[in-house]
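Throughout, read-outs are computed from the coordinates displayed, never taken from laboratory work. Keep in mind it's a predicted model, so treat the numbers as computed, not measured. All Cβ positions, even for glycine, are placed from backbone atoms using ideal geometry, and neighbour counts span all protein chains on display.
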Amino acid sequence: MPNKTIFAISGSLRAGSSNHKVLKFIGTLLPVDISYHIYDGLATIPPFDPGLDNDTPPQPVTALRGAITNADAVIICTPEYAFGIPGQLKNALDWMVSSASFSGKPTALVTASTVGENAHAALLKVLGAIDCDIIEGGTLLIPYIRSKMDAEGNITDSDVESSLKHLTYKLLKAIA
């Protein structure tokens, strides 16, 4: 039975995206006693509405908050859209502000995109606002991700593979 849980969130809604493939690769690096779940409900999160952020928020929000609260650690892997955070990811994180779901939660951030530096910087600010514990060595910016993996999602760049292994090691160490 798994004794630790890592909850992964892709900032891309496309199931076959590079970000999903990076998260799947990370899953292959984890020991068998780690429960690893890649969240697929981002598209179900309704637009953030402070009027609905009360004791009974929408069910998809409640489910996401619970999954984050119950995880030992969170990893986010996201692209950059129009020089910023993908809208649906930012929307989901807005719902987390009042919940304390992320408060003190060991968190890692991978931004894998064509460039990605704007989304990466913005996400670090957002994650700070919701009180994530960004782990030491737990951030990685992978520009031009598509040129660093094959069509099946295998990482073909040895530096990226090594960096992902290091980030995963740091995440595991943070929850050991």
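What net charge do the residues around residue 92 carry, taking every other residue with its C-beta under 14 Å from that of residue 92, with Lys and Arg at +1 and Asp and Glu at -1? Here the count lands on -2. Of the trypsin sites (Lys or Arg not before Pro) found in the range 1-98, those in coil by DSSP whose Cβ has at most 11 other Cβ atoms within 10 Å are 14.
Just to be sure I understand: if I project the alpha-carbon convex hull of the range 1-104 onto a plane and average over all orientations, what area do I get in nm²? Spelled out: convex hull of the Cα atoms, projected over all directions, averaged, 7.2 nm². 3J(HN,Hα) along the range 108-113, derived from phi through the Karplus expression 6.51 cos²θ - 1.76 cosθ + 1.60 where θ = phi - 60°, amounts to 10, 10, 10, 10, 10, 7 Hz, with x in place of Gly and Pro. Computed over every Cα-Cα pair of the chain and binned at 10 Å starting from 0, the pair-distance distribution P(r) comes out as 10, 41, 37, 11, 1 percent. Can you pull out the chymotrypsin sites (Phe, Trp or Tyr not before Pro) in the range 78-176 that DSSP calls coil and that have at most 12 other Cβ atoms within 10 Å? Sites meeting the loop and neighbour criteria: 83.
Taking a Cβ cut-off of under 14 Å around residue 30, the surrounding Lys, Arg, Asp and Glu residues balance to a net charge of +3, with basic ones at +1 and acidic ones at -1. Pairing the Cα long axis of helix 117-129 with the longest principal axis of the chain, what angle in degrees results, from 0 to 90 and rounded to the nearest 10? The answer is roughly 40 degrees. Taking other residues whose beta carbon is less than 15 angstrom from the beta carbon of residue 13, and scoring Lys, Arg as +1 and Asp, Glu as -1, yields +1. Helix 59-70 and the longest principal axis of the C-alpha atoms of the chain enclose an angle of approximately 60°. Compute the angle between helix 87-96 and the longest alpha-carbon principal axis of the chain, please, reported from 0 to 90 degrees and rounded to the nearest 10. On a 0 to 90 degree scale, this one is about 50. Using just its DSSP H runs of length 4 or more, each adding -39500 (n - 2.57), the chain gives a mean residue ellipticity at 222 nm of -11500 deg cm²/dmol after division by all residues. For the range 4-175, the relative contact order works out to 24 percent when only alpha carbon pairs closer than 8 Å and six or more residues apart are counted.
Here the chain is assigned +1 on the Cβ of each Lys and Arg and -1 on the Cβ of each Asp and Glu. Its dipole about the Cα centre then comes out at about 200 debye.
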